[in-house]
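Read-outs: derived from the displayed coordinates by stated rules, not from any lab. Model, not experiment: these values are computed from the prediction. No Cβ is skipped: glycine too gets one built from the backbone with ideal geometry, and neighbour counts run over all protein chains shown.
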C-alpha cells in the first residue's frame, strides 16, 4: 500500500469499535457469504449497486477490493453498477485521492478511472455503468445495495446468488455547500471502515 494510504488504513482499523453492533452483524452476513464462496469455488464476486453508480457504490467497490488485498484474500473480486449510468463523481474521486489512492483520469464524459493502492497490483477500473453491464459478473455474485432507492427500485437482480442492503447516506446532499469536502471525506472514511471490518471477518 502507498504510505499515505497505509496510514489512512490504520485509522480505519482503529475505528472498528465505532461501528454499531447491528451494523457489524449486517457486515458479518456478507463476510460469511464471501467465506462460503471461497470455500466452494475459486472466486467471490461482489457487485455494489446504487442508483447512479457515481459515489457510494464506487467507494464501496474500491475499499472492499483494497481490504481484500490488505488481508491477503486473493480471490475476492469487486464491481459496481447503478440502475442507470452517469459518471464517477469528481468529488468522490477527490476523496479517495485524499485518502492516499493514486488515480489516473483518461478524460471523457464517463472516464474509466484507474485507481491504485500500490504500484504492483493491476489498477481498479472505475467508471459508471448499469449493474448488468458486461463489465460486471452476470451470475453467481453478491448484490450489495448501497442506497435505499436502488434497493427499492431494483427488486430483482438477475444472476444474483446473495443480496444484502448495506446502505449509506448520499454525500451528494452537500454538493456546492461549505461542508462538501468534509461530507465526502466522512462518507469515504465510513465506507472504508466498514469494508475493512467486513473483509477482516472473512474466513475468520
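Remarks
- When each of the peptides 106-119, 67-80 is scored by the mean number of other C-beta atoms lying within 10 Å of its residues, the order from highest to lowest reads 67-80, 106-119.
- Cβ-Cβ FRET estimate between residue 18 and residue 149, R0 fixed at 30 Å, reported to 0.05: 0.70
- Remark: 93, 157 ranked as 157, 93, counting other beta-carbon atoms within 10 Å and listing the fewest first.
- Among 27, 199, a tally of other beta-carbon atoms within 10 Å of each Cβ gives an order, fewest to most, of 27, 199.
- For the pair residue 138 and residue 97, label points projected 7 Å from Cα toward Cβ lie 3.6 nm apart.
- Pairs of Cα atoms in the chain fall into 5 Å distance bins, from 0 up to the last occupied one, in shares of 1, 8, 17, 21, 22, 18, 9, 3, 0, 0 percent.
- Cβ-derived FRET efficiency at R0 22 Å, residue 121 paired with residue 86, nearest 0.05: 0.25
- Spin-label model, residue 71/residue 29: points 7 Å from Cα along the beta carbon direction are separated by 1.8 nm.
- Extending 7 Å from Cα along the Cβ direction at residue 169 and again at residue 6 yields two label points whose distance is 3.4 nm.
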